[in-house]
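The values are calculated or read from the model by the stated rules, or taken from the named source; none is laboratory data. Here the structure is a predicted model, which means the values were calculated and not measured. Cβ placement follows ideal geometry from the backbone for every residue including glycine, while neighbour counts extend to all protein chains displayed.
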Amino acid sequence: MDKQTRRDLLRDYKERKSTMGVFAVRCAATGEVWTAGSRNIDAQQNSLWFGLRNGGHINRVLQAAWTAHGEAAFSFEVLERIEDETLTPMGQLDLLKARERHWLAALGAKKAVG
């Protein structure tokens, strides 16, 4: 790969638009559900699974369930995507937090992160 192609690919990667949204993690063995909002919903599962596989996830209860039941017992689900480009960045984050609260209540879930 030549230098210009590499620069172009790197620029395209940095300029890509990420989609915010709310996700749920479900444990089939216990029936527990965790949910949270994400600024980049498309990359969230990879990030979450990486932390859990390495045993260093910030949510100790989720980490304990993962350790006890294994990866096969867990599923990741995108509950909602937020693609309203008319909002300011602050407005988007406020909407993301509001939708996260909605899903926490609707599912009787625990907060996955933070």
**OP:** Read through the list (1) loosely packed, with under 15 Cβ neighbours inside 10 Å; (2) touching a residue at least 24 places away in the same chain (Cβ under 8 Å); (3) within 13 Å of Val113 (Cβ to Cβ); (4) not aromatic (Phe, Trp, Tyr), then give the number of the only condition that Ala24 fails.
**Re:** (1)
Original post:
Has the stretch 32-39 got any residue that is over 20 Å from Ala98 (Cβ atoms), loosely packed, with under 11 Cβ neighbours inside 10 Å and modelled with pLDDT of 95 or more?
Top reply: no
**OP:** Pull up the stretch 73-93, narrow it to residues that are at pLDDT 95 or above and of a type in the set (D, E, K, R), then point me to the one that is farthest from Cys27 (Cα to Cα).
**Re:** Arg81
**OP:** Would you point out the residue of the stretch 57-74, among those that are surrounded by fewer than 16 Cβ atoms within 10 Å (Cβ to Cβ) and outside any helix (DSSP H, G or I), that is farthest from the chain's Cα centre (by Cα)?
**Re:** Gly70
**OP:** Using the structure shown, decide if Lys111 is of a type in the set (Lys, Arg) and within 12 Å of the chain's Cα centre (by Cα).
**Re:** yes
Subject >> Residue, farthest from Ala106 (Cα to Cα), within the stretch 5-26, restricted to residues that are part of a loop (DSSP other than H, G, I, E, B) and among the hydroxyl-bearing types (Ser, Thr, Tyr) >> reply: Ser18
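Listed here are the residues, each with its yes/no results for (1) surrounded by 15 or more Cβ atoms within 10 Å (Cβ to Cβ); (2) on the phi > 0 side of the Ramachandran plot; (3) assigned to a helix (DSSP H, G or I).
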| position | (1), (2), (3) |
| --- | --- |
| Asp42 | no, no, yes |
| Leu48 | yes, no, yes |
| Gly51 | yes, no, yes |
| Gly55 | no, yes, no |
| Leu79 | yes, no, no |
| Thr86 | no, no, no |
| Glu100 | yes, no, yes |
| Trp103 | yes, no, yes |
Original post:
Among the residues of the stretch 1-9, is any in contact with a strand residue (DSSP E or B) (Cβ under 8 Å, 6 or more places away or on another chain) and farther than 16 Å from Ala73 by Cα?
Top reply: no
Original post:
Considering only the stretch 1-21, how many residues are surrounded by 10 or more Cβ atoms within 10 Å (Cβ to Cβ) and within 21 Å of Leu93 (Cα to Cα)?
Top reply: 4
